[in-house]
Amino acid sequence: MLNYLISGISLGSVYAIIALGYTMVYGIAKMLNFAHGDIIMVGGYAAFCAGTYLGWPVPLAILFSMMICTILGIVIEKLAYKPLRNATSLAVLITAIGVSYLLQNLALLIWTSNPKAFPNMVNFIPSIVLGKNSDNPITISSATIVTIAASIIIMVALTLFTGKTKMGKAMRAVSEDKGAAQLMGINVNATISVTFAIGSGLAAIAGVLLCSAYPTLMPTTGSMPGIKAFTAAVLGGIGSIPGAMLGGILLGILEKFAQAYISTQLSDAIVFAALIVVLLVKPTGLLGKKMTEKV
Amino acid sequence: MSSNPNDTKYVAVPGPGMIPERDKDKRPVLEASHLGIDFGGLTAVDEFNIAIGATEIGGLIGPNGAGKTTVFNLLTKVYQPTRGVIMLDGKDTHGMNTTQANQAGIARTFQNIRLFDKLTVEENVKIGLHSSIGYHLPSAVLRLPRYWREEKKAHERALELLDIFDMADMADVRSSSLPYGAQRRLEIVRALATGPKILLLDEPAAGMNPSETEELMNNIRKIRDTFNIAVLLIEHDMNLVMGICENIIVLNFGKIIAKGNPKTIQNDPKVIEAYLGSQDGE
Amino acid sequence: MGNKIKILGKTNKNSLMGFINYGIIILFFVVITIVKQAGALTNALSGQLIPICAYIVMALSLNLVVGISGELSLGHAGFMSVGAFSGVIVSGAMNYGGVTNGAIRLIVAMIVGAILAGIAGVVIGIPVLRLRGDYLAIVTLAFGEIIKNVLNCLYVGVDKAGLHFSVTDEAHMDMSAEGVTLVRGPMGAVGVVKASTFLAGIILILLTLFVIQNLVNSRTGRAIMAIRDNRIAAEATGINVTKYKMIAFVTSAVIAGSAGALYGLNFSTIVPKKFDFNTSILILVFVVLGGIGNLTGSIIAAALLTVLPEIFRPFQDYRMLVYAIVLILVMIATNNERLRAFWKRIGHIFRKKGGELNEQ
Amino acid sequence: MSDSLLKVEDLNVYYGSIHAIKGISFEVNEGEIVTLIGANGAGKSTSLNTIAGLLKPRTGKITFCGKNLVGVHAHRIIREGMALCPEGRRVFLQLSVKENLEMGAYTRPDSEIADSLDMVYGLFPRLKERYKQVAGTLSGGEQQMLAMGRALMSKPRLMMLDEPSMGLAPILVDQIFDIIKNLHAAGTTILLVEQNARKALGVADRAYVLETGRIVNSGTGAELLNDDSVKRAYLGG
Amino acid sequence: TSGNDTAGTENKPEPAATTETTTDAGTETADAATEGDGVLTGTLKVGMIGPLTGGAALYGNAVDNGVKIAVDEINAEAGSFQMDYNPQDDEHDAEKSVNAYNQLKDWGVQAIIGTVTTTPCIAVSAEANSDRIFMLTPSASAADVTANKDQTYQLCFSDPNQGSASAQYISENSLATKVAIIYKNDDAYSTGIYQTFKTKAAELGLDVVSETTFMDGSDTDFTVQLTAAKDAGADLVFLPMYYTPASLILSQANAMGYAPTFFGVDGMDGILGIEGFDTSLAEGVILLTPFAADATDDLTVNFVSKFEAAYGETPIQFAADGYDCAKVIYAALKFYAENNGGLNVDGMSASDLCDILIQVLSNPAFSVDGVTGEQMQWSANGEVNKAPKGMVIQNGVYVGL
Ligand SMILES: Nc1ncnc2c1ncn2[C@@H]1O[C@H](COP(=O)(O)OP(=O)(O)OP(=O)(O)O)[C@@H](O)[C@H]1O
Ligand SMILES: Nc1ncnc2c1ncn2[C@@H]1O[C@H](COP(=O)(O)OP(=O)(O)OP(=O)(O)O)[C@@H](O)[C@H]1O
Ligand SMILES: [Mg+2]
Ligand SMILES: [Mg+2]
């Protein structure tokens, strides 16, 4: 029981950290960036290359990965999304999918389809073993500890950033009405670029942590966790930063409990059914704010 | 019917209010009593009582944020009241939703214009005519004669209605590219197309210049006279309010502070203080 | 009077667009048939004809949800899946029972597929339609995943006693020895006896167009679009929001179900995984690329994007990369304001002036 | 005239294929109140939005303080010292009243915000009462006050107001015009679009009359107030 | 006469390759070739279908790389005979696979290696069966791949074969008393092996104490599955799956401190080749695989060294399968040419070639030594006969059992 809870939290914290990036970009750019999962994959490869091929120390490798992803995020935004600034959100969604294909196939050409075993980059923190002397000791891995810590830090930082800083408020203004935001003197393009830069930088961290926890790295590594994290973000209330965190953790626990106590065969169906039920009861997700539409 | 709203005679009804003498044989189209709603801690409307005669033109005025639009939202069931009763044409609206309220005979326009943007002007009106178009999905899909007949009727009716505001020649224009004033008028036509017994207009003259407002005033009267329906309107343009409203209710902080014909309201010190201010501009 | 003529002209324009769509499809059929008779049709293209038809129908039906009703659905392949599997099961059972005529099996399969997908549409529509925007998207996505997951556990067989089902494994179907397994969990339906034909595909597209176009140009269609444009105003205008959203959603599901049956009976095997998130997205790409709400666009986009990856085969390793780049570029190009204005101006040269406001 | 703060020359603006502004020219001098009047759809809002950079003209010249504005991003134009209180309010519905006001002062140093906030709260006490409420749930008139307050927060050299009195109670309409007069007295240049033409002409130094995208008349406020055609068309009987 | 019209019959509709037909067809073609020297000449158009992009790209690319090595060898060795090789991507999707197949047909393909993955292979082999185009799949292992299709052959073990062989092996060697199974629920290969394993295990009296699954979306965390196995007291965990998820299972079991015997199938091969993989995690893993990259026989050494030189990585079993497929086709044609006074494949129809290949492969006198097995022969239903080799991983290398 405790065992499953902990593995649920481990898995959930990975979902959470991906969902945070998703929600951040969604909240501001009002777009479902389906390429987010693939930026995570690129982050993983960047850290892998820096660490394994170039032999850089871990902090440097992570920084390198963040840099690559941040630049990648900005470039993608400039080339693919910016020309669609006034298009429907669906057009942007489809473009994001195009970008996702592009990244996956580029990765396939660069790094081939063979999986890479990702080294645990966060084992500078020891894992915790509960009940060492009992029959069933429970290990909380270093990756889990770091992932939880990182997602909490990121959650708090993002909440403060969007809620309190001038830039953060400008982002919210941009997300609502770009024209009116320009009338305030806000540089809309720069603001959106910053959003993508932050989102992609977070994706790099998520990539490193995802691969540290589940160490196989392939060109398709990011896509399924990406979808799960998107689900988590919705569960928590998309656009809500604490919601992404909560949604991620809950989804992880739900998945593990469904596997453990109901069926490993139907666990996905159960998880998604639970999501539907939650949305029925709370149509805007757990922590989602009700969009007040005054008549 | 009298053109000077100050001349309208009023009689009391069993419920909470007065209606024009000419409507006394018909029951009031709308009666609300002890109506109220809270938003969290804020009491937006409280103890709101009203009765509207079958062909009355009523006015609802008050400072910004007094709760006027909220009253409209309550009457049209966009919000469910925290307390109070709304009777529409003798029917209790308790448990109704907006759609049902409209079908029961109440139609409205919105303070922030809400048109069907991607549809043409004519199509907007046809949405209003929806329930009066007499065919069902199978006849539409199979294109039975009934479909053509009813569509033709709807088309003609839509143009007739648009003609009230001289908008028939805009029938094919996408509604979102209409200028502001025309959008407001289209909303009125659309509301009218639903065949209401009472029409609620939320600041119909906003964004119109004085000449346009005057024209609007005539049109509202025309609507009342040709369709024989009641009108209740919110407006900050005193020329319009005083020009056509036979009975005016003044709200402040969600409560009624005055009721009466234009003349009494204009001279009510409470209203002057809270709402009208010194009348230098007029 | 002048107005009336002009407006009747507008109605004619709508039906004209309708006829253009029928025309495109019939032309497509005629051209392909002629080329085939002449022996000039490549195997590559001929093998894709039926999938193209199925995807066109899928795109049209999704356009009803996305374009006309304005809801984002990310699980449309789920309905296709329901149609495909129920169609394959019915057809397999009929075949076992001695009905070997392909046309009859296909028609029955399409009808059953449509009905079951429609039922799924109602079941999912009830919760889904309370939600808005992206929340609806995620529930439809969830629905697609659930269907996939459940079908992965489904075993179906047929014997003299009728159909047998199990959700654990083949043995639990309690089928007699002479029975035939039709669906085998993750291995899907194997040994499907094909029944789909190109002609059937064309007829299905024409039927779909007929239903959707006539639906859109009716009071029902207008009500659906009104809800899309402004829900609150639609309510205040007496439109029953739930009812009309449901009509759009279920109609779309029904059509998708029949497309699924067409698709399923074109391959000797289908697996639940085929109808996953990626397929839903693919169909959405057709709709968006063709222009949201634009049926002609959906038809062309579905056909082109289905053959495009095949055309790119000479690029070999770079094939999918090229596809991705083309996808992005086309999205940007079709949404570029300047380009759009350009097309519009060109359109105006061909069209008579009218419907414009400022130019008296 | 070299001392004109804003100069618009032969401006043409299109919405797709709709020609909304057909070659208008006008100017606003430093310290003036200039008003544009005209019927619905005449192109008043379009003109203001084009000057502020929200719309791109197809041809024509706009200069502000001698600098060209055509092709410059809206946020840069605003930073030159211009503010627009737009038609339809366009307040940030999800942001609180206070945050909306802070956005108004986005281009100004943080240290100056507090004073301006107090100033706006002083003008519209209702906003102070509701400073935490999200703007989306404000009443129409309250939102209009907020839009006006937000524009005031930037302390512009040129203030463009698009129907600032729309939806406001009579008592507040008077107040808005008082604010305009005070701004003017403090040296701010004002370009005003109003349906309440009588009041607008009353405060304006000069005015232009727009009709279907063209300027058909111009003069001082007083001249136009007494112009018969203007009276008939815009001032009502 | 396509095989699948008579669904339900267990046996092949056309009992393949009796000696009679051999001579018949042989003399005919030999006459046509007008050569009597027993030499194989001409250019053979060989197609390959497999996932070169997408989630299963790993397997398709491995096969492709393996085939390329073989084709190069063949083309270098036999001057007058050449293989023109054309790989096509199917993204592990039946529809795309049929498209790829049709592309190959337009190109004029004479024989097909593929398809690599199971579901697409079932779809394509049905088409190829009615078109009479020979297929030899390197790795699509389900029984349905060959069922009722006389022209489709497998180079790999079939799923039933592997499943029951594994159960047999475990039982015979008394590797365990309690067995747990973890398999991939949305994968035909994995479920196929699982089902036959389970049936056989029941027959043999093996105690299967835990059966758990995973899917595409939940293939990262295996805590629940491993805990279930551990709690049930399983001392052997059977992993019928590819090596990517298996590598995660091994590392997570290690983290849990759970150390049963892990028993894999041919898909497990390659686990040692994962770049950066800590091979100590795989210590003691047993797998039944026909191929070991560090085997020391000449064939393997030759193949592995060429492969490493060309691609900079160790070949996995799929690569070896692909390599052998090309070699088998070549060997079969040569066999035919030698026994029938020569063969010129230029312009020969695919269906004639199909008949020849069926004839040869079902000829008991024909066998091939490949890197994935010695003395490979084929049964009439298209299954390969070769001895599965039990391997155990010790000190990071395979050691034959
Ligand atoms: N977004 C738009 N798309 C298409 N046409 C538009 C758009 N906005 C305005 N127009 C058209 O441009 C013309 C000028 O409109 P504008 O809004 O500038 O008028 P206005 O003078 O501000 O009118 P109002 O008094 O109603 O605010 C009108 O004919 C209008 O229909
Ligand atoms: N959904 C809501 N949540 C919270 N407060 C609300 C909500 N709707 C309205 N209010 C508040 O209730 C009060 C009344 O609003 P209402 O819109 O009815 O005013 P109004 O009389 O129409 O004013 P105006 O003339 O400015 O349109 C306002 O102070 C508003 O802020
Ligand atoms: Mg109001
Ligand atoms: Mg305007």
Query - Linear extension gain, A:Leu2 paired with A:Lys290, 0.36 nm per residue minus alpha-carbon span - result: 100.2 nm
Query raised in the report: What ³J(HN,Hα) values, in whole Hz, does the Karplus curve 6.51 cos²θ - 1.76 cosθ + 1.60 give for segment E:385-401 when θ = phi - 60°, with x put for Gly and Pro?
Result: 10, 8, 7, x, 9, x, 10, 10, 8, 10, 6, x, 9, 6, 10, x, 8
Query raised in the report: Arranged by the count of other C-beta atoms within 10 angstrom, fewest first, what order do D:Arg76, D:Arg232, B:Arg108 take?
Result: D:Arg232, D:Arg76, B:Arg108
Query raised in the report: Which whole number gives the average count of other chain Cβ atoms within 10 Å of the Cβ atoms across peptide A:256-266?
Result: 6
Report summary line: Fewest-first ordering of C:Ser73, E:Ser190 by Cβ atoms within 10 Å yields E:Ser190, C:Ser73
Query raised in the report: Which cross-chain or sequence-distant (5 or more) residues have an amide H under 5 Å from the amide H of E:Gly38, H modelled 1.01 Å from N in plane?
Result: E:Gly341, E:Gly342
Report summary line: In nm, the gap between the two label points placed 7 Å beyond Cα toward Cβ at E:Val301 and C:Arg338 is 6.7 nm
**Report entry** Low-density loop cleavage sites - GluC sites (Glu not before Pro) in segment C:107-184, where at most 12 other Cβ are within 10 Å (DSSP)
**Finding:** C:Glu178
Query raised in the report: Let a ≥ b ≥ c be the square roots of the eigenvalues of the Cα gyration tensor of segment C:2-276; is it rounded (a/c under 1.5), or, if not, prolate (a/b larger than b/c) or oblate?
Result: oblate
Query raised in the report: So which lysines can B:Lys26 reach, going by Cα to Cα under 25 Å and dropping same-chain residues fewer than 8 places off?
Result: B:Lys9, B:Lys77, B:Lys91, B:Lys197, B:Lys222, B:Lys259
Query raised in the report: Out of residues 5 or more away from D:Glu211 or on other chains, whose amide H comes under 5 Å of its own, with H placed 1.01 Å from N in the peptide plane?
Result: D:Val216
Report summary line: With +1 at each Lys and Arg Cβ and -1 at each Asp and Glu Cβ, the charge dipole magnitude of chain A around its Cα centre, to the nearest 20 debye, comes out at 720 debye
Query - Contour excess over end-to-end distance, with Cα ends at A:Ile262 and A:Ile74 and 0.36 nm allotted per residue - result: 63.3 nm
Query raised in the report: Between C:Ile115 and C:Leu329, what is the spin-label point distance in nm, taking each point 7 Å from the Cα along the Cα→C-beta axis?
Result: 4.9 nm
**Report entry** Label-reachable residues, segment E:254-294, where backbone N falls under 12 Å from a point 7 Å from A:Val129's Cα toward its Cβ
**Finding:** E:255-258
Report summary line: Sorting C:Phe275, E:Pro260, E:Leu58 by the position of each Cα along the dipole of the protein assembly as shown (Lys, Arg +1; Asp, Glu -1; all at Cβ), the one nearest the positive end of that ordering is C:Phe275
Query raised in the report: How large, in Å, is chain E by the Kirkwood hydrodynamic radius built from its alpha-carbon pairs?
Result: 21.5 Å
Query - Estimated dipole of segment B:114-193 in Debye, rounded to 20 [Cβ of Lys and Arg +1, of Asp and Glu -1, Cα centre] - result: 320 debye
Query raised in the report: What is the Cα centroid distance between segment A:31-68 and segment E:324-401, reported in whole angstrom?
Result: 45 Å
**Report entry** ³J(HN,Hα) computed for each position of segment B:92-107 - Karplus, 6.51 cos²θ - 1.76 cosθ + 1.60, integer Hz, glycine/proline x
**Finding:** 6, 8, 4, x, 7, 9, 4, 4, 5, 5, 4, 5, 7, x, 10, 10
Query raised in the report: Taking a spot 7 Å from the Cα of E:Leu175 along the direction of its beta carbon, which residues of segment E:374-401 have an amide N less than 19 Å from it?
Result: E:386-401
Query - Computed log₁₀ I(q)/I(0) - Debye formula, equal Cα scatterers, no solvent, the protein assembly as shown, q 0.04 Å⁻¹ - result: -0.32
Query raised in the report: Hey, quick one: spin label on A:Lys166, modelled 7 Å out along Cα-Cβ, who in segment D:141-156 has an amide N within reach, i.e. under 18 Å?
Result: D:150-156
Report summary line: trypsin sites (Lys or Arg not before Pro) in segment D:95-141 lying in a DSSP loop, each with at most 15 other Cβ atoms within 10 Å of its Cβ, come to D:Lys132
Requested in this report: Scan around E:Val208 for amide H atoms under 5 Å from its own, H built in the peptide plane at 1.01 Å from N, and keep only partners 5 or more places away or cross-chain.
Outcome: E:Val179
Report summary line: Applied in sequence order to segment A:244-253, the curve 6.51 cos²θ - 1.76 cosθ + 1.60 (Karplus, θ = phi - 60°) yields integer Hz couplings, x standing for Gly and Pro, of 4, 4, 4, x, x, 4, 4, 4, x, 5
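We did not get these values from a lab; they are worked out from the coordinates using the rules stated. Fair warning: this is a prediction, and the values are worked out from it, not measured in the lab. Ideal geometry is used to build each Cβ from the backbone, glycine not excepted, and the neighbour counts take in all protein chains shown.
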